[in-house]
Each structure stands twice: as structure tokens, then as C-alpha cells.
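The values are calculated or read from the model by the stated rules, or taken from the named source; none is laboratory data. Only a predicted model underlies this, so the values are computations on that prediction, with no experimental measurement involved. Positions of Cβ are backbone-derived with ideal geometry, glycine not excepted, and every protein chain shown enters the neighbour counts. For accessibility, only protein heavy atoms count, side chains too; no ligands or nucleic acids. Shrake-Rupley method; radii C 1.70, N 1.55, O 1.52, S 1.80 Å.
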Amino acid sequence: DAARHADQAFFSVRRGYRYVPKHIFGLPTDAVLSGDVDPPKGVSLPSDPTQLVDALVGDLTRLGLPAPDHDLLTSHPIMNTQVLHHLAHGDLIAKPDITRLTPTGAVFTDGSEEPLDVILTATGYQYLLPFLDPELLTWKQGHPQLYLNVFSRELDSLYVLGFIELAGAAYTRFDEMAQMVLLDIRARETGVHRAELVALKRDDRPDLRGGVSYIDSPRHANYVHVDSYVAYLAELRDRFVWADFDAQSYEPLRRPDTSMTKAGASA
């Protein structure tokens, strides 16, 4: 909005990032890179997605941005085509990190100073549960240490949804996490697989990063590799006989009613 409407707009970054186009070949980029959608006929994708994105985006230093300091998907991706568009057209001016603010603007690490009317800060966010005593969970780099990013390891019936970072669509993952909560509740109520799940939540520490060395930052402290995470949840669902959720065919498992007669149960 500032690039389109302001007399002059600046874009300040602390380090080099990778900017991923939202669409490639007219298709959603994440769907193409994950293999969910086939590229158009005649298009051959390299095995390293970094090469593909670099070829499509080009040298970012030509726009005044610092060169990326990491491989694609080892840091949270920036899926934004408009920033690069406005930088290329001169509507947005790249700047390095800010050294200090002044009464009328900002001074940058390259020594330049600009007068500014409005400063928008994009400094991230914190994972907080203000209604919960923080002593109830173990925290590391501002993140609660949850089994599969869902289950408390300390309290058997405490679950958290949404505290996950990954390079991909999140909403389907939230659904899968919710299924794990239901799976655990079912086990607790029926006693089926109960001991196994309690032991897993206490001791199981799978590699959910898929061997990827993510950037060492609080943002990536609980980062998971999408394919590895999805595969592990599917493995557990199969192990504890929990089919993929289907609203039309799903029938919850109920606690057996021991007061019923055999004939009554059959009826």
C-alpha cells in the first residue's frame, strides 16, 4: 500500500531472505514444489527447489536487497511477489537494518538517514498462553515443548492446537492435530492403547525436521518438515486404528456398555 500511495516508501530488512512467487507456471507454487500438482507439459523441475526459485526470481541484489543467506525452506519462506514488483519499478526502495530511530525518521546501518511519517514494524510474535500457569509446561526459546506440537508431556489431558511452524499450508495440519487429540481422548475413555499413548507422550522424540538444518532462531525452534510431520501422524493413526476423518462416514468409538446383554448389544 505504501509503495502505491506514499510519496516515497522504504523496505528495511535485517538479512538476506528468499522471496517465493505465489504462482509458477500459473499454478500455486507450494502445490507444485510439494508434488501435489504436476507442472505443465514440457516443464522439467530441478530436484533442488532453490535452483528453481533462484531462476525465476533472479539476483535479488539487483533490487538493492542483500543476497539470501540460506537455502530455500531452511527458513520460513516469504511468499510475496508484490514486494519484488514494486522494488523493480522503483516504487519501493530497499534499505538495510535500522540503527536507530530519530524524532523525524530513521538512521540505517549503511549510514543513510530518511525522514519518515509512518513506520510499520514486522517483528514477529510470541507464543503465549496467558490463562495458563507457565510452570505447567516446559518452555524453550519462547515455545512450549509439546509432543508432536500438540500434547503436553507433563499433563496427560492438556492439548495445544496451532503452536506449529512449517513451510506449507497450516489448516490441514490443524485438522490432523485435532484428530490426534480425539485419538488420545478415545484411548483415555476406553482404555484401548492407553498405556502406549502415555508412554509415547512421555518418551517418544521423533525427528520431525526431516534432516533439514533450519536457521537457529526462536522462529524455527519448533519448526517441522511438512512431509515428515504428516507421515508420522499418519503412522500413529494407522498404529492406533484411526482412519482419516470423513464427516460422512465417521463413527466415534464408544465405551462398551457392560450392563447390556449380549443379545441387547447385537440388537
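Surrounded by fewer than 14 Cβ atoms within 10 Å (Cβ to Cβ) and closer than 19 Å to Ile78 by Cβ: does that describe Asp216?
Against the criterion (surrounded by fewer than 14 Cβ atoms within 10 Å (Cβ to Cβ) and closer than 19 Å to Ile78 by Cβ), Asp216 qualifies.
Considering every residue within region 173-187, establish whether at least one is open to solvent by 40 Å² or more (accessible area, probe 1.4 Å), under 27 Å from Ser75 (Cα atoms) and outside any strand (DSSP E or B).
Yes, that holds for at least one residue.
Can you pull out every residue in region 1-49 that is under 30 Å from Gly105 (Cβ atoms) and among the aromatic types (Phe, Trp, Tyr)?
Listed by number, the residues that qualify are Phe10, Phe11, Tyr17, Tyr19.
Among the residues of region 18-55, which ones are part of a loop (DSSP other than H, G, I, E, B) and under 15 Å from Gln82 (Cα atoms)?
Scanning region 18-55 gives Arg18, Val20, Pro21, Lys22.
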